[in-house]
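The values are calculated or read from the model by the stated rules, or taken from the named source; none is laboratory data. Quick caveat, the model's predicted, so the values are computed rather than measured. Neighbour counts run over all protein chains shown; Cβ positions are idealised from the backbone, glycine included.
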Amino acid sequence: MRIAIVTESYPPDVNGVAHSVVRVAEHLVRRGHQPVVVAPASATRPTPDRHHPYPVVRVPSVAVPRYRGLRLGLPGPRLTEALAAHAPDVVHLASPFVLGAWAMTVAGQRGLPTVAVYQTDLAAYARLYRLGWTEAAAWRRLRSIHNAADLTLAPSSRSVADLVAHGIQRVRLWRRGVDAVRFDPAKADDELRRSLAPDGALLVGYVGRLAAEKRVELLAPTCRLSGVRVVVVGAGPADRELRKTLPDALFLGELHGERLARLYASLDVFVHPGPHETFGQTVQEAQASGLPVVAPAAGGPVDLVSPGRTGFLVPPDDGRAIADAVATLAADPGARRCFGTAARAGVTARTWAAVGDELVAHYRTVLTAPAPRIAA
């Protein structure tokens, strides 16, 4: 099968969309399929992407106002030429909004089946970053794009419900995979622990982009807990402000690969304060690493965290509730161990191979019985 994956984000971007596109494309190659990835040009990687086992076509891009580091791919002939050259059987649209919307139009003109993957709460982004769109306008655009697709895939039950509530049709649940070989509690590093908390403090970690929608500032009450050290891993436009807001936290910047795996495994508790996650990949990586998780009762974490079994779900936007949940875990080492063991057991079967095969099944569905496209 020939698949064209048109994505709004791709490495060197560090986010859930970019990561999942790489894993999907790699899986398709392993299964004998022929993917091509069409992505925005990177400001930091002007040279061709030659290290992937599949072709990557870059299209012109522009920086997103008020969101440093993110670029929008521009519709134009480069994308049209890429689709014509690859002659795909199906077009996969990863978090479509600008580049993906143009790809949907081109696919419609050519009669190509389309699978649209909803992965970013763009309505919340429009509100937080004042991008010139209201939430209602963002939802109108999403409805127009996704209702033109033969199938929309959403990563969590909350995302499915949100899409259906906003009039989006033909929605199915498709979760994300996790590498439980890379993320493994056996990689805990005592020397790393001592370097992060030489006084033996409980290590509480956040991993993710440092941006307004992640609400990392809500960790301030947790930073003030006695015997607790908060470790922040990531980069982004809110980095400088967060260092001022959380002066007692330890900021490590971006970590990748084995360094990130050792960091996860060396923590005691994982926290993710952002209420706008459509899935929550870092939550799942922390669980694979054997960590109890504290997260808001909103979005993707609702599917991932089992309260009182693998961690705690707290009211969204409530830093005090996060701190209280962390304090409860800090006081009970036995509960931390039990929660962490249950968390890993719950995700080890959710491999990228398994979810990749589910995706291929969705491709075959639209190839055999494409649904009529419906205008918003």
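Number of residues in the stretch 214-240 that are part of a loop (DSSP other than H, G, I, E, B) and farther than 23 Å from Asp332 by Cα equals 6. Just one of the listed residues (Gly280, Gly334, Gly253, Gly308) is crowded, with 20+ Cβ neighbours inside 10 Å and either in the same structural domain as Val228 (by TED's automatic domain parsing) or more than 23 Å from Asp121 (Cα to Cα) (or both), namely Gly280.
Considering only the stretch 306-376, give the helices (runs of 4 or more DSSP H) lying wholly within it that have at least 3 residues that are hydroxyl-bearing (Ser, Thr, Tyr). Steps first, answer last, please.
On the way: elements: 319-330, 333-347, 352-368.
Once the helices (runs of 4 or more DSSP H) in the stretch 306-376 are filtered for at least 3 residues that are hydroxyl-bearing (Ser, Thr, Tyr), what remains is 352-368.
Return the residues of the stretch 349-363 that are among the charged types (D, E, K, R) and within 14 Å of Arg172 (Cα to Cα); say none if nothing qualifies. Can you show your working first?
Keep residues of the stretch 349-363 that are among the charged types (D, E, K, R), which gives 350, 357-358.
Result: Glu358, single match.
The residues on offer are Phe270, Phe251, and the sole one that is more than 20 Å from the chain's Cα centre (by Cα) and part of a strand (DSSP E or B) is Phe251. Considering the conditions (1) free of Cβ contacts under 8 Å to residues at least 24 places away in the same chain; (2) in contact with a Leu (Cβ under 8 Å, 6 or more places away or on another chain), Ala235 is excluded by exactly one of them, (1).
Just one of the listed residues (Gly299, Gly319) is on the phi > 0 side of the Ramachandran plot and outside the structural domain of Arg141 (by TED's automatic domain parsing), namely Gly299. Condition test on Leu219, is it modelled with pLDDT of 95 or more, farther than 20 Å from Ser289 by Cβ and crowded, with 21+ Cβ neighbours inside 10 Å? No; evaluated as a whole, the condition is false for this residue. Taking into account only those residues within the stretch 188-213 that are assigned to a helix (DSSP H, G or I) and among the small types (Gly, Ala, Ser), which is farthest from Glu241 (Cα to Cα)? So the residue we want is Ser195.
When the stretch 12-22 is filtered for residues that are in contact with a Lys or Arg (Cβ under 8 Å, 6 or more places away or on another chain) and surrounded by fewer than 21 Cβ atoms within 10 Å (Cβ to Cβ), the ones remaining, listed by number, are Pro12, Val14.
Among the residues here, Leu128 does not qualify as assigned to a helix (DSSP H, G or I) and at pLDDT 95 or above.
Matching residues to (1) farther than 30 Å from Leu28 by Cβ; (2) modelled with pLDDT of 95 or more; (3) β-branched (Val, Ile, Thr):
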residue: Val283; (1), (2), (3): no, yes, yes
residue: Ser289; (1), (2), (3): no, yes, no
residue: Ala295; (1), (2), (3): yes, yes, no
residue: Gly299; (1), (2), (3): no, no, no
residue: Asp303; (1), (2), (3): no, yes, no
residue: Pro307; (1), (2), (3): yes, yes, no
residue: Asp317; (1), (2), (3): yes, yes, no
residue: Ala321; (1), (2), (3): yes, yes, no
residue: Asp332; (1), (2), (3): yes, yes, no
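With the condition kept exactly as written, say whether any residue in the stretch 164-172 is under 20 Å from the mean Cα position of the chain (by Cα) and in a strand (DSSP E or B). Walk me through how you get there before you give the answer.
First, the residues of the stretch 164-172 that are under 20 Å from the mean Cα position of the chain (by Cα): 171-172.
Okay, now just the ones that are also in a strand (DSSP E or B), so 171-172.
There is at least one residue in the stretch 164-172 that is under 20 Å from the mean Cα position of the chain (by Cα) and in a strand (DSSP E or B).
Listed by position, the strands (runs of 3 or more DSSP E) enclosed by the stretch 1-95 that each have at least 1 residues that are modelled with pLDDT under 90 are 61-63, 71-73. Applying a threshold of 6 Å to beta carbon distances and a minimum spacing of six or more residues, or different chains, the list of pairs starting in the stretch 241-253 at a residue that is in contact (Cβ under 8 Å) with a residue 24 or more places away in the chain and ending at one that is part of a loop (DSSP other than H, G, I, E, B) reads Leu242/Leu210. Restricting the stretch 223-248 to residues that are within 16 Å of Leu291 (Cβ to Cβ) and over 24 Å from the mean Cα position of the chain (by Cα), the residue that is surrounded by the fewest Cβ atoms within 10 Å (Cβ to Cβ) is Val228.
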